[in-house]
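Colleague: Handing you this structure, nothing more for now.
The values are calculated or read from the model by the stated rules, or taken from the named source; none is laboratory data. Predicted model only: the values in this text are computed from it and were never measured. Cβ sites come from the backbone with ideal geometry, for glycine too, and all protein chains shown count toward neighbours. Each accessible area value is taken on the protein alone, full model and side chains, heavy atoms only, with ligands, DNA and RNA left out. Shrake-Rupley method; radii C 1.70, N 1.55, O 1.52, S 1.80 Å.
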Amino acid sequence: TLSRLLHQVTKEREETREVQALFETLTDREWDILRHLANGRRNEDVATMLYISPQTVHTHVRNLLGKLRVHSKLEAVALAVRHRKIEV
């Protein structure tokens, strides 16, 4: 029915706004790391490329997962791709 369709569209828009707000909390460094993860790089490789320690990369990954409310690097990348924040 039309009312069900309108409800679904409204719900999807609200979810999009909520996800947008989550992405706005990421720091520039967390964005850098998310982009590297989207390119399939391991934490150790990211650390070398960004001249930081693997532990620092791990901390940034943990923080960005928490901010995006996801449980894995794959989920974070998938969310970013789905919402057109990054391309793979």
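Colleague: Pairs needed: first member in the stretch 17-30, closer than 10 Å to Lys67 by Cβ; second member anywhere, among the basic types (Lys, Arg) and open to solvent by 30 Å² or more (accessible area, probe 1.4 Å); C-beta distance under 8 Å; at least 6 residues apart or different chains.
Modeller: Hits for this filter: Leu22/Lys67; Leu22/Arg69; Phe23/Lys85; Thr25/Lys67; Leu26/Lys67; Glu30/Lys67.
Colleague: With respect to Arg35, determine if the residue is open to solvent by 80 Å² or more (accessible area, probe 1.4 Å), in contact (Cβ under 8 Å) with a residue 24 or more places away in the chain and in a helix (DSSP H, G or I).
Modeller: yes
Colleague: For the stretch 17-30, enumerate the residues that are part of a helix (DSSP H, G or I) and loosely packed, with under 15 Cβ neighbours inside 10 Å.
Modeller: Arg17, Glu18, Gln20, Ala21, Asp28 - these are the residues of the stretch 17-30 that are part of a helix (DSSP H, G or I) and loosely packed, with under 15 Cβ neighbours inside 10 Å.
Colleague: Sort out which residues of the stretch 46-88 are open to solvent by 60 Å² or more (accessible area, probe 1.4 Å), in a helix (DSSP H, G or I) and among the β-branched types (Val, Ile, Thr), and write them in order of number.
Modeller: Thr48
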